[in-house]
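Asks: Take this structure first; my questions come after.
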Amino acid sequence: MALALPKPLRHILTHIPLRWVLVVPFVLQTLGAVGLVGYLSYRSGQRSVANLVDQLMTQTGRRISNRLDAYLRTPQDVVRLNQLEMEQGMLEPESFPGIEQQNFNHVRAFEDLISIGWANAQGRTTGIGRDNTGALATAGALVLADETTPGVRRFYELDSQGNRLQLLAKTPGYDARQRPWYQLAVEAEGPIWTPVYPFVGLPIATINFSTPVYRNGELQGVFTSAILLAEIDLFLSELNFSPSGKAFIIDRSGHLIATSTQEQPFIMAEQEQASTQIQAIHSEDVLIRSTTRELLTVWDNLQAIQAPYALQLKTDTRKNFAQVMPYQDEYGLDWLLVVAVPETDFMADIYANNARTVLLSLLTFLATSLLGFWTARRITAPVLRLNQASLALAEGKWQQPLSETSSIAELQTLTISFNQTAKQLHRLLERAKVALYESEDKFAKVFRASPNVISITSFDTGAYLEVNDQFLTVTGFSRAEVIGKTPLELGLLPQPEKTVDIVERLTSGHRLENYELVIKTKAGEIKVGMLSVELIEIEGQSFALGVFNDYSERKQAETALQQSEVMNRALVQALPDLLIRMHRDGTYLSVDYSDTVKLFNAPALRPGADIADVLPSSLVQQRMAYVEQTLITGKEQIYEYQIWIDGIAHYEEARIVPLEADEVLVIVRDISDRKTIEEALRQSETRFRLAFEDAAIGMTLVSLEGKFVQVNRALCDITGYSEAELLQLNFQQITHPDDLNADLDNIQQLLVKQSRFYQMEKRYIHKRGHVIWAILSASLIDDQNGRPLYFVSQIQDISDRHSADRVKNEFISVVSHELRTPLTGIRGSLGLLLTGKFDQQPDKFHHILQLALKNSERLIQLINDILDLERLESDNVELVKETYSLPELLYQAVESVQILANQQRIILQLDAAEVTVEANGGAIIQTLTNLLSNAIKFSPADSTIQVNAAVIQGKYLNAEPHPSTPCPYILFSVADPGRGIPAEKLDSIFERFQQVDASDTRQKGGTGLGLAICKTIVQQHGGEIWVESTLDQGSTFYFTLPA
């Protein structure tokens, strides 16, 4: 019974080529032998690779662990060192300059550190960081983050010494106590690592090591240090343990920490959203993604992995090895180190060995196969030629007649019959081709010359049978690319659903007209047009004849116009301006403005309006003048003006821009806010200038080199220099040499930011050469970038206070001495009388009483002089002036001292002008009496004292009064022929208790207050007093009174 085979198999077995019958069995035997050898070799290599990869992954995991230990040690050591120093009192929690310097040194010493910071328990914080990204300063620069002012964090760029260069930025609302690094350390009450977070808006992994500081059980603050884990990425990428192996680190939640692919572990969110740390199962790398997914499949919870674990997995049919190693430390780090290696990285040598084995086998196989092929070819060649010729004839491809010569008789007969049949068929085909060609030529001319896109497609398959030249031009395809392909295969229809709609319409109506269709060219360009399709039948098959009319350019122009109008409208709405296109004659051609613009006479503001109907007449004339100037010069004109809108004054700026010969664009903007700011600034500058100029104390601006830049009137009065003279000097030139170094040291502290200002008591040299005591307060003014500009100094004259202190001390010393001397004499005299020794000696008794009386009078005179001087210098006594005869005043004064002059045999000569004077008579007589008494005391017997009083209209010949005495004035003089006064005493003798010789008090009597009383009286009358003297020749005392 015959075996029934399936029809497909029976077809194959009954159509086997003769050549394959001879060749295939031989080839299969050879291939079987080669394949078995290769498979055994390959399996042996796989076992060796598995052992090698396991050792390599273990070694790599240890290298990563060791690198993490070393890299993470730096922030731990730095933070723990700061903690130790503060707990031992070497650093103080509030000593921010010391902490800043300490952190600056650490950041410079350890390049791995990105920042070191300190925040105390009150929220004040300071930190030093390295700006590796250049976000605030130049890349790599050191930046100080200072929040010593609560709530405001300031960033300064630092120089190589840690000094602040310039303020980079300010961040309000910063509270370090709300930061995770602070809160975690306080909660842990000890050192701790923070979770990984992105670095300053960049997807770079960063981690902080923080520790709290306690003193006596009380929290002082938290030290923290940050490092970038990008360094670990770089280390992993440089391990080079496998050509395509991957090493990566994840936390127990499966988030990426670092990878050898240097893939960033964060996705930075936009605007206010938080950034997202990437899960390793979502990594861009296939091997990392697959390894993590396999780990999560094997271990439901990654927390359960507490020992190294190896696994195998497949990615894209490739086998991979992986090993997971836990990494933990005492401060809360808990990561997994993962090393994954494709098997193919280590199978190369094995593959090469297998290839050599296969190559040798193939060479043997090739040699035997070639011999088999040659034998089969010799047998089958004539049969194959006859078979190919018959197939070609069946397809209409005529060939030359076959050679009828053959060594096989059957083949020779068959060849002759084939040649005769082929000739007859060839003649019939030639006649049919000529008729068909003539018909096709007519259709092709119309089809190809059409300006529209025309195509013929099979309705059943949708494939193109023919397209015209316009189709190729519009779509960009070649004819070879189009024929036989459907529109979907060519990507011509970006909206595939349109195909279904077109087929349904054609099925229902056999015709489709003016159907809008979008096509996509080969270059990706979008074309829009109208499609018309009609179904036709050719030889019983349905075809679709389609005509596409392209109007893309018109469509694009319409779309562009719509988009331009929308954009222009949005732009106008966004601008705070009124835009007016205006004709030369004042007619508004177009008006555009946003809803926020405040308008004057808004109802009249429309196209076609005249400017005279919109604006006040004064503004109309002004604007038309600027419009005319713009059109004449062709240049933009800008001007400002005031306009009242709803009862409120507004300031507007108008820009006139030329457009065409008789058209301009007027851009109007409200600048009221800017004007308000400018006015406030002007008033502020005026107030500062008035405060500077009218200050009661000296004020000056000094350059960094010490040169005076600006001075006020008070400083000129203090130093005696004019403003022009001071501006040519520097402060060093008028500073007392003994105070200069201290002044320069204080200035240096300002320049290096060690202090904000300084105050010192110092001495200046007056233009006349004498010393001026002053209190100097100085501060440094910086520009907006923190660079020093100049010093501001305030100088208060305290010379009077110094003089008053000196006079007070001298006064106390002299008064105590002057009081003690007569009191001692009185006490001694009375003591002697009480002993009773002189009761029987009346002369001695009387002499001792006279002595006591004389000392009592001296004491009374001293007390009276002190009381008179204090009364005159106090502000409580009103000076009452009356009109007196000048000669009468002199006569009364002379008369009061005449007895004393007679005792000394001294003549008093008087010469007074016959005029009157407005003065306090008693005070002037007291002044003259004091001067005459002194002249009599120090003049020799039988000499003459000259007393004069004259009216002076100008400069006196022998004396020059003080410039403040007005002209005309009365000049009084008392001249004596006494011993004279040394030049160094000419000014001091008018001070309290000052005498030419200290022995005069004992020998001549007096208290040393008489001339001080004279000076006070004269000055209260608006006059001046002075003395001119020559030793051993005499002295002349002068004083003036207004005439």
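The values are calculated or read from the model by the stated rules, or taken from the named source; none is laboratory data. Note that the structure is predicted; figures quoted are calculated from it, not measured. Methodologically, a virtual Cβ is constructed for each residue, glycine included, from the backbone with ideal geometry; neighbour enumeration extends over all protein chains shown.
Asks: Could you please give the count of residues in region 297-324 that are more than 12 Å from ALA340 (Cα to Cα), surrounded by 15 or more Cβ atoms within 10 Å (Cβ to Cβ) and touching a residue at least 40 places away in the same chain (Cβ under 8 Å)?
Replies: The total comes to 1.
Asks: Follow-up. Among the candidates SER290, SER283, which residue alone is under 36 Å from the mean Cα position of the chain (by Cα) and hydroxyl-bearing (Ser, Thr, Tyr)?
Replies: Working: SER290 fails: under 36 Å from the mean Cα position of the chain (by Cα).
Answer to the check: SER283.
Asks: Name the single residue that is farthest from the chain's Cα centre (by Cα) among those in region 622-640 being surrounded by 16 or more Cβ atoms within 10 Å (Cβ to Cβ) and within 18 Å of ASP670 (Cα to Cα).
Replies: ARG623
Asks: Follow-up. Return the residues of region 915-943 that are closer than 20 Å to GLY1023 by Cβ and either of a type in the set (Asp, Glu) or within 60 Å of the chain's Cα centre (by Cα) (or both); say none if nothing qualifies.
Replies: Scanning region 915-943 gives a single hit, GLU918.
Asks: Next up: Kindly provide the set of residues from region 611-621 that are over 45 Å from the mean Cα position of the chain (by Cα) and either part of a helix (DSSP H, G or I) or closer than 15 Å to ASP662 by Cα (or both), ordered by number.
Replies: The first filter runs over region 611-621 and keeps only residues over 45 Å from the mean Cα position of the chain (by Cα), leaving 611-618, 620-621.
Within region 611-621, ILE611, ALA612, ASP613, SER617, SER618, VAL620, GLN621 meet the criteria.
Asks: Looking only at region 60-75, decide whether some residue is hydroxyl-bearing (Ser, Thr, Tyr), over 30 Å from ALA340 (Cβ atoms) and either touching a strand residue (DSSP E or B) at 6+ places or on another chain (Cβ under 6 Å) or without any contact (Cβ under 8 Å) to a residue 60 or more places away in the chain (or both).
Replies: Step one: list which residues in region 60-75 are hydroxyl-bearing (Ser, Thr, Tyr), which gives 60, 65, 71, 74.
Filter once more, so that each one left must be over 30 Å from ALA340 (Cβ atoms): none.
Among the residues of region 60-75, not one is hydroxyl-bearing (Ser, Thr, Tyr), over 30 Å from ALA340 (Cβ atoms) and either touching a strand residue (DSSP E or B) at 6+ places or on another chain (Cβ under 6 Å) or without any contact (Cβ under 8 Å) to a residue 60 or more places away in the chain (or both), which makes the answer no.
Asks: Starting from region 686-712, keep only residues that are assigned by TED's automatic domain parsing to the domain that holds ASP743 and free of Cβ contacts under 8 Å to residues at least 24 places away in the same chain, then list their pairs with residues that are loosely packed, with under 13 Cβ neighbours inside 10 Å and in a strand (DSSP E or B) whose Cβ atoms are within a distance under 7 Å, requiring at least 6 positions of separation or different chains.
Replies: none
Asks: Hey, can you tell me all the residues within region 654-668 that are over 13 Å from TYR626 (Cα atoms) and surrounded by 15 or more Cβ atoms within 10 Å (Cβ to Cβ)?
Replies: VAL668, the sole residue that qualifies.
Asks: Please go through region 774-811 and give me each residue that is at pLDDT 75 or above and loosely packed, with under 12 Cβ neighbours inside 10 Å, ordered by number.
Replies: Listed by number, the residues that qualify are ILE781, ASP783, GLN784, ASN785, ARG787, ASP800.
Asks: Within region 561-579, does at least one residue satisfy the condition of being at pLDDT 85 or above, over 45 Å from the mean Cα position of the chain (by Cα), crowded, with 16+ Cβ neighbours inside 10 Å and part of a strand (DSSP E or B)?
Replies: No; the residues of region 561-579 include none that is at pLDDT 85 or above, over 45 Å from the mean Cα position of the chain (by Cα), crowded, with 16+ Cβ neighbours inside 10 Å and part of a strand (DSSP E or B).
Asks: Which residue, of SER115, SER95, is modelled with pLDDT of 90 or more and among the polar types (S, T, N, Q)?
Replies: Just one listed residue meets the conditions, SER115.
Asks: A further question follows. Being more than 28 Å from GLY922 (Cβ to Cβ) and modelled with pLDDT of 85 or more narrows it down to one residue among ASP1032, ASP997; which is it?
Replies: Answer to the check: ASP1032.
Asks: Further, regarding this structure: Condition first: closer than 16 Å to GLU652 by Cβ, surrounded by 14 or more Cβ atoms within 10 Å (Cβ to Cβ) and hydroxyl-bearing (Ser, Thr, Tyr). Now tell me which residues in region 580-621 satisfy that.
Replies: TYR593, SER594 - these are the residues of region 580-621 that are closer than 16 Å to GLU652 by Cβ, surrounded by 14 or more Cβ atoms within 10 Å (Cβ to Cβ) and hydroxyl-bearing (Ser, Thr, Tyr).
Asks: Among the residues of region 241-285, how many are on the phi > 0 side of the Ramachandran plot and small (Gly, Ala, Ser)?
Replies: The first filter runs over region 241-285 and keeps only residues on the phi > 0 side of the Ramachandran plot, leaving 254, 262, 271.
Still in the running and small (Gly, Ala, Ser): 254.
Qualifying residue count for the region: 1.
Asks: Within region 230-254, can you find the residues that are closer than 30 Å to GLU189 by Cα, under 34 Å from the mean Cα position of the chain (by Cα) and either buried (at least 21 other Cβ atoms within 10 Å of the Cβ) or of a type in the set (Asp, Glu) (or both)?
Replies: The answer is GLU231, ILE232.
Asks: Report the residue count in region 894-921 for those that are in contact (Cβ under 8 Å) with a residue 40 or more places away in the chain and among the aliphatic types (A, V, I, L, M).
Replies: Restricting attention to region 894-921, the residues satisfying the condition of being in contact (Cβ under 8 Å) with a residue 40 or more places away in the chain are 894, 901, 913, 915, 917-920.
The next check asks that each one be among the aliphatic types (A, V, I, L, M); those that pass are 894, 901, 913, 915, 917, 919.
Qualifying residue count for the region: 6.
Asks: Can you tell me which residue within region 584-609, out of those that are in contact with a helix residue (DSSP H, G or I) (Cβ under 9 Å, 6 or more places away or on another chain), under 23 Å from LEU631 (Cα atoms) and part of a strand (DSSP E or B), is modelled with the lowest pLDDT?
Replies: ASP592
Asks: Return yes when THR259 is buried (at least 22 other Cβ atoms within 10 Å of the Cβ) and farther than 19 Å from PRO180 by Cα and no when it is not. Steps first, answer last, please.
Replies: Working: buried (at least 22 other Cβ atoms within 10 Å of the Cβ): yes; farther than 19 Å from PRO180 by Cα: yes.
Here the answer is yes, as THR259 does meet what is asked.
Asks: Collect the residues in region 65-102 that are hydroxyl-bearing (Ser, Thr, Tyr) and assigned to a helix (DSSP H, G or I), keeping them in residue-number order.
Replies: SER65, TYR71, THR74
Asks: Kindly indicate whether any position in region 918-926 is at pLDDT 90 or above and among the acidic types (Asp, Glu).
Replies: Scanning region 918-926, I find at least one residue that is at pLDDT 90 or above and among the acidic types (Asp, Glu), so the answer is yes.
Asks: While we're here: Take the residues in region 1001-1028 that are under 16 Å from SER939 (Cα atoms) and out of contact with any helix residue (DSSP H, G or I) (no Cβ under 8 Å at 6 or more places or on another chain); name whichever of them is modelled with the highest pLDDT.
Replies: The residue in question is GLU1028.
Asks: Being touching a Lys or Arg at 6+ places or on another chain (Cβ under 7 Å) and part of a loop (DSSP other than H, G, I, E, B) is the filter here; which residues of region 129-184 pass it?
Replies: GLY140, THR148, PRO150, ASN163
Asks: Determine whether ALA274 is surrounded by fewer than 15 Cβ atoms within 10 Å (Cβ to Cβ), within 37 Å of the chain's Cα centre (by Cα), under 28 Å from ALA176 (Cβ atoms) and not acidic (Asp, Glu).
Replies: Numbers: surrounded by fewer than 15 Cβ atoms within 10 Å (Cβ to Cβ): yes; within 37 Å of the chain's Cα centre (by Cα): yes; under 28 Å from ALA176 (Cβ atoms): yes; not acidic (Asp, Glu): yes.
Judged against the criteria, ALA274 is a match.
Asks: Right, something else. Only one of (1) free of Cβ contacts under 8 Å to residues at least 40 places away in the same chain; (2) under 17 Å from VAL547 (Cβ atoms); (3) surrounded by 15 or more Cβ atoms within 10 Å (Cβ to Cβ) fails for LYS520. Which number is that?
Replies: (2)
Asks: Among the residues of region 187-216, count how many are surrounded by fewer than 16 Cβ atoms within 10 Å (Cβ to Cβ) and not in a strand (DSSP E or B).
Replies: Residues meeting the conditions: 8.
Asks: Sticking with this structure for a sec: Are there helices (runs of 4 or more DSSP H) fully within region 394-504 with at least 3 residues that are surrounded by 11 or more Cβ atoms within 10 Å (Cβ to Cβ), at pLDDT below 85 and not assigned by TED's automatic domain parsing to the domain that holds VAL518? List them. Steps first, answer last, please.
Replies: Numbers: elements: 409-449, 469-475, 479-482, 487-490.
Result: 409-449.
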